[in-house]
Each structure stands twice: as C-alpha cells, then as structure tokens.
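Below is one structure; the comments refer to it alone.
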Amino acid sequence: MAEQNQELYGKKIFFLNPNYTFKANIISELRLMEYEVLIIDRYNDAKNILRKNPNSICFINIDSQLSTYGWYIFLSDFEKDDALKTTIVGIISDRLAPHEKTFFLEKIKPRAGVMESSQDTSKIISSIEDILKINNAKGRRQYVRANCLSDRSALLIWNNGNLVNQVKLVDISHVSAATLAPSIKNTKLEKNTLIRGATLKIGSKQFIINFIVYDIHTRGDKELLITLFTPDSAPGLREPIMEYIFEILQAQMAASLNGEKRDDTNYNQQGKAFAEAMKKEAAQQKKEAAHQKSREK
C-alpha cells in the first residue's frame with residue numbers, strides 16, 4: 001500500500017537553506033508546475049523533517065549557515081541513518097572550489113548532483129526538472145492538494161433558491177475542491193450540476209466562481225461533495241490558491257516538529273577537526289613521497 005501511495009503522490013521536494021533567488025524564482029516556478037516543494041530554512045530542523053518524509057528529494061544550499069566541511073559532516077550522516085539514506089540529495093553552491101566540488105562528488109555522491117545557483121534561472125529550472133522527472137517526483141498525481149479542515153474560514157457558499165448553502169472545505173487544488181456535503185435537507189445535487197456565482201473563501205481572500213458537481217461520495221464517516229472549478233474560473237484562481245496550498249503545507253511541516261529536539265550537533269567544530277586531519281594527512285603523504293623520492297636517487 002505504501003508503494004502504491006508513493007507512486008500516486010510522488011515525492012516531496014525540499015529546499016534546505018535556499019537563497020533569495022531560489023525562493024523568489026525557482027521554487028515558485030516549480031510549485032506552479034505542480035511539484036510539492038517545501039522550504040526548510042534551518043539546517044538544525046532538516047534531519048527531523050526528512051526522517052518523517054522518507055524517499056523525498058532535498059536540494060541543499062551549502063553557501064551559508066555552516067562551513068563547507070561543516071556541511072560535509074552534516075551530509076555524511078545521511079548514509080549512517082536508515083531514515084535518511086533514502087533521501088535523494090542535491091547540492092547547490094557558488095563557493096565551492098574545483099577540488100572541493102570533486103571532494104563532495106566523490107565522498108557524498110549526491111544523487112541529484114551539484115549545481116551553481118548563479119546560473120541562468122531557466123537553466124537551473126530545466127536541470128532540476130530533469131532530476132525530478134527521473135525520480136518520478138510527481139508520481140501519478142496531477143495536482144498538489146492541501147487539507148484545509150483546520151482552517152475554519154475555508155468555505156464554499158452558494159444560493160439554492162431562497163436558501164444559502166455554506167459548506168466547509170476539506171481539501172483543495174487549484175482546479176477542484178472537496179467539501180463537506182450540504183446539510184440542508186432539500187438540497188439536491190446531482191453529478192454534472194453547474195453552480196454559478198458561488199463564493200470560495202480561503203484564508204483572508206474570497207472569489208466568485210462557478211463549479212461543477214463531479215461526485216458525491218463517502219470518505220470515512222463524512223459525506224463529501226467533490227467539485228470542479230469551471231475553466232472560466234480556474235485561470236484567475238491558480239496563483240492565489242497555490243499560494244494558499246503551500247502556506248498550509250509549510251505550516252503542517254512546521255507543526256510536525258512540535259515536541260522534537262532540534263539538532264544541536266556542532267557540525268562546524270567537527271568540520272574544522274576533519275579539515276585539520278585532512279591537512280595533516282596530506283602533509284604526511286607529501287613528506288613520505290619526498291622521502292621515497294630521495295631514497296630512489
């Protein structure tokens with residue numbers, strides 16, 4: 001069942017410590033492509049989140065928060081942790097020297113590669129999209145949806161003669177919504193019924209829309225009305241609904257950390273010790289090579 005769900009819903013995509021360009025341009029564009037993209041701002045929240053989301057994809061900007069070798073220590077833990085080793089990692093950096101890039105490629109072996117954030121935006125998006133397609137990030141799901149039961153203001157309202165139907169949204173994508181079925185007894189809704197001039201309320205915004213009754217079915221102990229927004233409604237709804245969806249998904253991700261202890265590992269300190277050890281080893285190898293060369297003479 002888990003594998004079927006994975007195939008249906010694809011993979012969550014995380015950006016850890018993204019810079020302004022990625023937040024403003026790359027991530028927003030990927031979301032409009034219907035990828036489920038979430039932002040982790042702090043490295044010391046990342047492992048707790050990724051453990052809860054196995055088989056996800058995580059692109060990590062290593063140009064701030066930790067030192068270069070601090071990030072190496074952070075990433076080297078992934079293969080040691082069964083809950084993290086399923087994460088597909090990509091590295092983003094503009095500060096890696098060529099030998100450092102080679103070091104990360106050889107030691108970390110990031111399955112999503114190493115990319116520079118200073119590239120042209122379209123090239124970055126194209127490269128990331130290739131990686132997401134290879135890893136079936138969308139699965140068989142066509143649209144990203146968010147559960148909005150916790151948002152009491154999320155409503156669908158329309159007139160039925162002299163009566164007003166006001167129903168709670170259960171979940172929403174930018175093309176459709178599931179709601180609790182109307183409680184007014186004489187409300188008759190059949191498949192393919194067109195409702196005009198309804199009000200969709202999400203967050204602090206509301207929109208006048210038309211929708212079609214796609215189905216009415218039971219989910220658990222609830223009877224649900226499944227609606228499709230008509231094509232003349234959907235274009236103006238897309239961006240505000242997508243923004244609303246990802247506000248919910250980000251909030252749910254943050255809530256999943258409640259009660260979790262933040263990662264307090266001093267990666268910079270360990271990275272410094274590792275770099276010093278490498279330096280000593282390189283010096284010793286150089287010394288031995290010089291000694292061997294002198295003996296050969």
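The values are calculated or read from the model by the stated rules, or taken from the named source; none is laboratory data. Remember, predicted model here, so these are calculated numbers, not experimental data. As a convention, Cβ positions derive from the backbone with ideal geometry for all residues, glycine included, and neighbour counts pool all protein chains shown. Note: areas computed on protein heavy atoms with side chains; ligands, DNA, RNA excluded. Shrake-Rupley method; radii C 1.70, N 1.55, O 1.52, S 1.80 Å.
Centre-to-centre, using Cα atoms only, the stretch 243-288 and the stretch 132-200 are separated by 41 Å.
Taking 42, 31 and ordering them by how much accessible surface each has at a 1.4 Å probe, largest first, produces 42, 31.
The mean sequence separation of alpha-carbon pairs under 8 Å and at least six residues apart, normalised by the residue count of the chain, gives a relative contact order of 18 percent. Tally Lys and Arg at +1 and Asp and Glu at -1 over the other residues with C-beta under 9 Å from the C-beta of residue 81: what net charge comes out? Result for the neighbourhood of residue 81: +1. In the stretch 201-295, a dipole from Cβ-located charges (positive for Lys and Arg, negative for Asp and Glu) runs towards its positive end, and of 203, 266, 217 it is 266 whose Cα lies farthest in that direction.
Could you order 153, 176 so the one with the most accessible surface comes first? Probe is 1.4 Å.
153, 176
Apply the a/c threshold of 1.5 to the C-alpha gyration tensor of the stretch 163-221 and tell me whether it is rounded, prolate or oblate. Rounded, since a/c falls under 1.5. Computed with every protein chain present, the accessible area of residue 253 is close to 20 Å² [probe 1.4 Å].
Sorting 72, 35 by accessible area puts them as 72, 35; the probe is 1.4 Å, largest comes first, and only protein heavy atoms count. Bridgeable lysines around residue 261 (alpha carbons under 18 Å apart, same-chain partners fewer than 8 residues away excluded): 47, 52.
Heavy-atom accessible surface of residue 41, to the nearest 10 Å², is about 80 Å², with a 1.4 Å probe and all protein chains retained.
List the trypsin sites (Lys or Arg not before Pro) in the stretch 112-163 that DSSP assigns to loop (not H, G, I, E or B) and whose Cβ has at most 12 other Cβ atoms within 10 Å. Which are they? The qualifying sites are 140, 152.
For the chain, what is the accessible area per residue in Å² when the probe is 1.4 Å?
Value returned for the chain: 56 Å² of accessible area per residue.
Near residue 113, the amide H atoms lying under 5 Å from its own belong to 91; only residues 5 or more places off or on other chains count, and H is placed 1.01 Å from N. In the context of the full protein assembly, residue 174 retains an accessible surface of approximately 20 Å², using a probe radius of 1.4 Å and ignoring ligands and nucleic acids.
Here residue 280 is the anchor, and the lysines within straight C-alpha reach of less than 19 Å, apart from those fewer than 8 places off in the same chain, are 107, 272.
Our coupling estimate for the stretch 79-88, obtained by passing each phi through the Karplus curve with A = 6.51, B = -1.76, C = 1.60 and θ = phi - 60°, is 6, 8, 10, 4, 6, 9, 5, 7, 6, 8 Hz, Gly and Pro reported as x. With all protein chains in place and a 1.4 Å probe, the accessible surface of the stretch 74-200 carries 46 percent carbon and sulfur.
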